[in-house]
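The values are calculated or read from the model by the stated rules, or taken from the named source; none is laboratory data. The structure displayed is predicted, hence computed values, not measured ones. Neighbour counts are summed over all protein chains in view; Cβ atoms, including those assigned to glycine, are modelled from backbone coordinates with ideal geometry.
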Amino acid sequence: MSQVKTKICHLSSVHFALDTRIFYRECLSLSQWYKVSLIAIHPKAERIQGVEIIPFKRFHSVRWRIILGWIIMFIKAVKVNAKVYHFHDPELIPTGLLLKCLGKKVIFDIHENIAEDLFDKPWIKQPKRIYRLFAVFESLACKLFSIILAENSYEKRYAQKAKRWSTVLNYCDTDFFKPYKKTVYQHQLNLFYSGIVLENRGMLQVAEAVYLLQEEGYDAHFHCVGELYSDLNNKLEALPYWSKINSKMHFYGRLPLEQSYAMAPQMDIGLCVIWPMSNSVESLPTKWFEYMACGLPIITSDFPFYKQMMQKSGAGICINPKDALALKNAILELHLDVKKTELMVENGQNAVLNNYQWKSQIPLLAKVYTDALG
């Protein structure tokens with residue numbers, strides 16, 4: 001007679017259901033031992049690879065999402081009647097507190113340096129006031145919930161605050177990326193980016209670099225997977241040279257991970273030129289490991305931590321992320337120096353296989369659950 005699996009439920013009012021960390025890493029890994037439900041932004045109720053997806057309507061207004069989202073999430077979560085609830089957004093701390101009052105085990109998964117990130121988000125108009133409010137809820141969360149940190153750098157803040165905490169790094173599932181691995185490096189100029197699409201992800205610098213390459217006679221194309229925010233779209237269209245390069249800037253919108261990386265074999269360089277922000281300078285971008293697994297050399301920002309990691313892996317080049325000319329030169333360096341580029345590809349693949357595999361994090365994630373369940 002088979003043993004009935006304990007029911008657990010992941011919650012997110014911000015992330016889409018097929019988020020890389022939430023669905024592909026955590027939910028699928030935990031489904032080995034638990035009956036997993038996921039309440040997150042999704043068009044319909046369905047079961048994907050054994051995980052029950054419960055749709056949460058997307059709020060286009062951040063204000064109303066924060067005011068109403070946690071209440072709607074609580075109602076949906078109670079209906080699932082899970083034993084453990086694992087939420088991924090700070091605005092759901094009130095939901096977690098109510099679930100805790102009902103005797104549920106609650107886990108708070110911290111994806112980013114929330115406190116610092118409040119000052120980097122352009123849509124937050126009064127960050128100091130929001131920070132003070134967040135600090136109150138954060139203190140309660142640290143006392144009452146099990147805390148999961150996605151980065152080692154977050155330990156500086158939470159090691160002293162949290163009663164129970166663990167670090168589960170956002171490494172790469174190399175098995176998942178095997179079908180999307182680039183086998184022949186064609187040395188063209190197809191530039192690739194996958195992730196959130198904001199101005200502070202270097203999109204204007206990428207556009208200028210594509211223009212500079214065109215002016216020198218190089219046919220570069222930028223392929224971007226992720227949601228393009230309207231404000232950025234207006235800024236791109238306002239560029240004086242936009243009409244000359246708009247046919248070379250390909251925005252595909254948000255795609256499932258499989259569709260995003262299905263184009264990787266036709267790409268040549270992975271880009272990750274994030275601006276210096278409190279939440280970014282000491283955080284490892286997940287896309288690095290995905291680019292490495294797919295066989296793409298990387299151009300990334302020149303933060304000290306990033307430079308240290310790139311020197312260790314030998315998988316890419318670091319530049320000033322706000323310098324379009326430096327980006328253009330780095331692209332040409334990889335395009336023209338075939339041996340150097342192929343060595344970076346080999347180095348990246350070895351690094352991700354030996355040091356950055358999600359498999360190494362699964363036991364850490366599993367232990368959080370066994371500890372929470374006592």
Some residue of the stretch 33-47 being among the aliphatic types (A, V, I, L, M), in a loop (DSSP other than H, G, I, E, B) and touching a residue at least 12 places away in the same chain (Cβ under 8 Å): no
Test: His88 is buried (at least 21 other Cβ atoms within 10 Å of the Cβ) and either within 28 Å of Asp173 (Cα to Cα) or within 22 Å of the chain's Cα centre (by Cα) (or both): yes
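Wholly within the stretch 162-254, which strands (runs of 3 or more DSSP E) include no fewer than the required count, namely at least 1 residues that are assigned by TED's automatic domain parsing to the domain that holds Asn350 and free of Cβ contacts under 8 Å to residues at least 40 places away in the same chain?
On the way: elements: 164-167, 190-194, 221-225, 249-251.
Of the strands (runs of 3 or more DSSP E) lying wholly inside the stretch 162-254, those with at least 1 residues that are assigned by TED's automatic domain parsing to the domain that holds Asn350 and free of Cβ contacts under 8 Å to residues at least 40 places away in the same chain span 221-225, 249-251.
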Enumeration of residues in the stretch 72-92 that are farther than 14 Å from Ala40 by Cα and either at pLDDT 95 or above or not assigned by TED's automatic domain parsing to the domain that holds Ala366 (or both): Val78, Lys79, Asn81, Ala82, Lys83, Val84
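Given the options Glu290, Glu346, Glu282, Glu333, name the one that is of a type in the set (Asp, Glu) and in contact with a Cys (Cβ under 8 Å, 6 or more places away or on another chain). First the steps, then the outcome.
Working: Glu346 fails: in contact with a Cys (Cβ under 8 Å, 6 or more places away or on another chain); Glu282 fails: in contact with a Cys (Cβ under 8 Å, 6 or more places away or on another chain); Glu333 fails: in contact with a Cys (Cβ under 8 Å, 6 or more places away or on another chain).
Just a single option satisfies the conditions, and that option is Glu290.
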Within the stretch 291-317, considering residues that are buried (at least 17 other Cβ atoms within 10 Å of the Cβ) and part of a helix (DSSP H, G or I), the one nearest to the chain's Cα centre (by Cα): Tyr291
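Restricting to the stretch 318-335, count the residues that are within 22 Å of the chain's Cα centre (by Cα) and either more than 21 Å from Glu199 (Cα to Cα) or among the polar types (S, T, N, Q) (or both). Can you show your working first?
Filtering the stretch 318-335 down to residues within 22 Å of the chain's Cα centre (by Cα) leaves 318-322.
Filter again for either more than 21 Å from Glu199 (Cα to Cα) or among the polar types (S, T, N, Q) (or both), leaving 320.
Residues in the stretch 318-335 being within 22 Å of the chain's Cα centre (by Cα) and either more than 21 Å from Glu199 (Cα to Cα) or among the polar types (S, T, N, Q) (or both): 1 in total.
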Which listed residue, of Lys328, Lys322, Lys340, is more than 28 Å from Asp175 (Cβ to Cβ), without any contact (Cβ under 8 Å) to a residue 60 or more places away in the chain and not acidic (Asp, Glu): Lys340
Residue tally, condition within 18 Å of Glu258 (Cβ to Cβ) and assigned to a strand (DSSP E or B), over the stretch 10-32: 2
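Being surrounded by fewer than 17 Cβ atoms within 10 Å (Cβ to Cβ), assigned by TED's automatic domain parsing to the domain that holds Gly316 and modelled with pLDDT under 95: is that true of Glu282 here?
Details: surrounded by fewer than 17 Cβ atoms within 10 Å (Cβ to Cβ): no; assigned by TED's automatic domain parsing to the domain that holds Gly316: yes; modelled with pLDDT under 95: yes.
No: the conditions fail for Glu282.
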Test for Ala326: is it assigned by TED's automatic domain parsing to the domain that holds Leu204, farther than 28 Å from Pro179 by Cβ and surrounded by 14 or more Cβ atoms within 10 Å (Cβ to Cβ): yes
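Taking Lys307, is it at pLDDT 95 or above and out of contact with any helix residue (DSSP H, G or I) (no Cβ under 9 Å at 6 or more places or on another chain)?
Numbers: at pLDDT 95 or above: yes; out of contact with any helix residue (DSSP H, G or I) (no Cβ under 9 Å at 6 or more places or on another chain): yes.
Answer is yes for this residue.
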Test: residue in the stretch 64-80 that is over 27 Å from Leu255 (Cβ atoms), part of a loop (DSSP other than H, G, I, E, B), in contact with a strand residue (DSSP E or B) (Cβ under 7 Å, 6 or more places away or on another chain) and of a type outside the set (Lys, Arg): no
Filter result (at pLDDT below 95 and crowded, with 18+ Cβ neighbours inside 10 Å) within the stretch 50-65: Arg65
Residue check, Lys287 outside the structural domain of Leu212 (by TED's automatic domain parsing) and either basic (Lys, Arg) or under 24 Å from Leu198 (Cβ atoms) (or both): no
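Which residue out of Gly253, Gly226 is closer than 28 Å to Asp175 by Cα, surrounded by fewer than 16 Cβ atoms within 10 Å (Cβ to Cβ) and among the small types (Gly, Ala, Ser)?
Numbers: Gly226 fails: surrounded by fewer than 16 Cβ atoms within 10 Å (Cβ to Cβ).
Only one candidate qualifies: Gly253.
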Contacts under 8 angstrom Cβ, first residue in the stretch 348-359 being farther than 16 Å from Gly270 by Cβ, partner outside any helix (DSSP H, G or I), 6 or more apart: Gln357/Tyr171; Gln357/Cys172; Gln357/Asp173; Trp358/Tyr171; Trp358/Cys172; Trp358/Asp173; Lys359/Asp173
